Amino acid sequence: ESVLNSTLINRENIEKLINVLSSSDEENIIRSVKEIFSLIYKNNITLMLVKRIAIQIISHVFAFYKDSNIRFESIIYDASQIYPLRIFSATDPETVSYHVFDLLNHLHSSYISFKELEDDQDLINQIIILIDNEYSNPNLSLEYISEQCNKSIYIVSRAFKKISNLKYIDYLTNVRVNHAKEYLKNPKYTIQDISYKIGYLNPSSFIRNFKAKTGKTPNQYR
């Protein structure tokens, strides 16, 4: 059994499985595991050995996610508590393989979701830095931001809404209004001066947006 075990769970098979985990094609994951279980079925080995092989597979999978520093430890922890018990409780090889496939799909979909979230967070951090540095730029539109980030308007808009729960223009307006509040503390700046300083070429637009956010006109706030 130990010889058969080492033949089935060899480094090449495991690496092949691990490599496809980071792809977005779940069929590749299932296909790779099926190759291993195909060998199991052909050799007609005992249920206990099938379970041992399955545990080895999922152990390698858990190790991959741990080493990849993907931050969803709670999902991995819960899965590591549940799936080994399900595998050991299985009454036939088919049920064992079902639990393995179910775990792989569960972790893979979580991996993709978290990876997208990380990518979105990196993009949002880039946008926030741009806004902080260029809030006084009257051309700081979503199109401008998209060009600077080398992303489509759709990707920028979707990521921003997903992470901040705000539309881009709402976040930009908030930043500009907060800066305006600081400028309003200094009496040497006129409303027009402040309007230009925070990126509004038309003072009327500044006054309208300021009131919408604070409930007061800039002069009333001052």
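Bear in mind that the values in this text are calculations on the coordinates, not laboratory data. Only a predicted model underlies this, so the values are computations on that prediction, with no experimental measurement involved. Every residue, glycine among them, receives a Cβ derived from its backbone with ideal geometry; neighbour counts consider all protein chains shown.
What length, rounded to one decimal in nm, is gained on full extension from TYR196 through to GLN126, with 0.36 nm per residue of separation minus their alpha-carbon distance? Write down the numbers at each step before the final one.
Numbers: separation 70, 0.36 × 70 = 25.20 nm, distance 2.41 nm.
Here the answer is 22.8 nm.
Put a dot 7 Å past each Cα toward the Cβ at THR91 and LYS66; how far apart are the dots in nm?
That separation, rounded to one decimal, is 3.4 nm.
What number in nm² do you get for the range 132-194 if you take the convex hull of its Cα atoms and divide its surface by four? Don't skip to the answer; put the middle values down first.
Values: hull surface 18.5 nm².
With every direction weighted equally, the projected area is 4.6 nm².
Highest mean first, how do 197-203, 129-135 rank when packing is the count of other Cβ atoms within 10 Å averaged over residues? Walk me through the numbers before you get to the answer.
Working: 197-203: 17.4, 129-135: 14.0.
For the peptides 197-203, 129-135, the packing ranking is 197-203, 129-135.
Based on the Cβ-Cβ distance of ASP102 and ASN44, what FRET efficiency does E = 1/(1 + (r/R0)^6) give at R0 = 22 Å, to the nearest 0.05?
On the way: r = 24 Å, r/R0 = 1.08.
It comes to 0.40.
Using the structure shown, list the pairs from LYS188/LYS211; LYS167/LYS197; LYS185/LYS213; LYS161/LYS216; LYS115/LYS167; LYS42/LYS115 with a Cα-Cα distance above 25 Å, or answer none. Intermediate results must be reported in sequence, preceding the final value.
Values: LYS188/LYS211 21 Å; LYS167/LYS197 22 Å; LYS185/LYS213 17 Å; LYS161/LYS216 27 Å; LYS115/LYS167 22 Å; LYS42/LYS115 37 Å.
From the list (LYS188/LYS211; LYS167/LYS197; LYS185/LYS213; LYS161/LYS216; LYS115/LYS167; LYS42/LYS115), the Cα-Cα distance tops 25 Å for LYS161/LYS216; LYS42/LYS115.
Once you place label points 7 Å from the Cα toward the Cβ at TYR154 and SER59, how far apart are they in nm?
The answer from the label model is 4.5 nm.
Per the Cauchy relation, a quarter of the hull surface: what is the mean projected area of the convex hull of the alpha carbons in the range 34-115, in nm²? Before the final figure, lay out each step's value.
Numbers: hull surface 20.2 nm².
That works out to 5.1 nm², a quarter of the Cα hull's surface.
Residue by residue through the range 183-190, what is 3J(HN,Hα) from phi via Karplus (6.51 cos²θ - 1.76 cosθ + 1.60, θ = phi - 60°)? Round to whole Hz and write x for glycine and proline.
These are the phi-based 3J(HN,Hα) values: 5, 5, 6, 9, x, 6, 8, 7 Hz.
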